[in-house]
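Reading through the structure tokens given below for one structure.
Since every read-out is calculated from the coordinates, none of them should be taken as a lab result. Note that the structure is predicted; figures quoted are calculated from it, not measured. Please note: Cβ atoms are built from the backbone with ideal geometry, for glycine as well, and neighbour counts cover all protein chains shown.
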Amino acid sequence: MRLEGKVVFISGGAQGMGAAEARLFAAEGAMVAIGDVLEEEGRRVAAQIGEAGGKAIFLALDVTSESQWQDAIAATVAEFGKLDILVNNAGIGGHGTVENTTVADWDRVMDINAKGVFLGTKSAIPELRRAGGGSIINISSQLGLVGVDNSSPQYQASKGAVRLLTKSTAIQYAGEGIRANSVHPGPIVTPMTEAGRADPERNELTLSRIPLGRHGEPDDVAYGVLFLASDESSFMTGSELVIDGGWTAQ
């Protein structure tokens, strides 16, 4: 097993890509803590992992709260004894232009998508240090690398921020054996993309921008995150793993 004996914390692990990551990591031998605001869904994923023979707990987490992050990491260590891997997966999307984006909309997306990653990283580093090093994987987006006309400016700005925060973290903590890498998924079949996929015009436009001609599946991303979490990627830090069906190759 690729994560035998490792302890993982996944924010936004109640559904979508986070839930796929949690299930895959547990199947690969990890003990998994799922943090999310979606309590019912998160507890269901943890229970499913347990029924399959894995080990998982659910912890209520609003990623914009530093105290909730601190409590969640402390609870993870209390349950499993340490922390080896952090996956900053929680995030929200948005649509609109610069002119019709309100300050409240900007702040909400930036708080969850960018500040949430900062707070998770800040809260996890002391425990990763105590464990002798570890891996931080931050879920950005292909829109953290390139711009597009039909996604909100705050979403794209937040995902660009995640990319550079990852590099800063990687450089600052490489000497302590703490690695940090970002993952840049293209459009994936998750609740976040459900509305767009249900709109024929928007869906056709999206598919036209993906050379492989389809949306990705959560497991397409989860296997990439697994690689970055495992010792197989021990010489990677500050890097970008793009899983976008070819979107940014154009």
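Around the amide H of PHE58, modelled in the peptide plane, lie the amide H atoms of ILE34, all under 5 Å away and 5 or more residues distant in sequence or on another chain. Note: relative contact order over the range 96-250, using C-alpha pairs below 8 Å and six or more positions apart, is 28 percent. Residues whose amide H lies under 5 Å from that of VAL242, counting only those 5 or more places away or on a different chain, are HIS184; hydrogens are built 1.01 Å from N in the peptide plane. In this label model, ARG108 and ARG197 are separated by 2.3 nm, measuring between points 7 Å along each Cα→Cβ vector. Phi-derived couplings, Karplus 6.51 cos²θ - 1.76 cosθ + 1.60 at θ = phi - 60°, listed residue by residue for the range 60-67: 5, 8, 9, 5, 8, 9, 5, 5 Hz, with x used for Gly and Pro. Along its first, second and third principal axes, ordered by size, the chain spans 49, 38, 34 Å in Cα coordinates. Across the range 113-125, coupling constants 3J(HN,Hα) worked out from phi with the 6.51/-1.76/1.60 Karplus curve, θ = phi - 60°, read 7, 9, 4, x, 5, 4, 5, x, 5, 4, 6, 7, 4 Hz, and Gly and Pro carry x. Across the range 36-44, rounded Karplus estimates of 3J(HN,Hα) from the backbone phi angles (6.51 cos²θ - 1.76 cosθ + 1.60, θ = phi - 60°) give 6, 7, 8, 5, 4, 5, x, 5, 5 Hz, Gly and Pro being marked x. Rounded to the nearest 500, the 222 nm mean residue ellipticity of the chain from helices alone is -13500 deg cm²/dmol, with -39,500 (n - 2.57) taken per DSSP H run of at least 4 residues. Built from the Cα atoms of the range 102-250, the convex hull projects on average onto 9.4 nm², one quarter of its surface area. Compute the distance from the alpha-carbon center of the range 201-216 to that of the range 46-97, in whole Å. With the range 201-216 and the range 46-97 each reduced to a Cα centre, they are spaced 31 Å. Counting Lys and Arg as +1 and Asp and Glu as -1 over every other residue whose Cβ lies under 13 Å from the Cβ of ARG197, the net charge comes to -3. Close Lys pairs in the chain (alpha-carbon distance under 22 Å; sequence gap of 8 or more, or different chains): 10.
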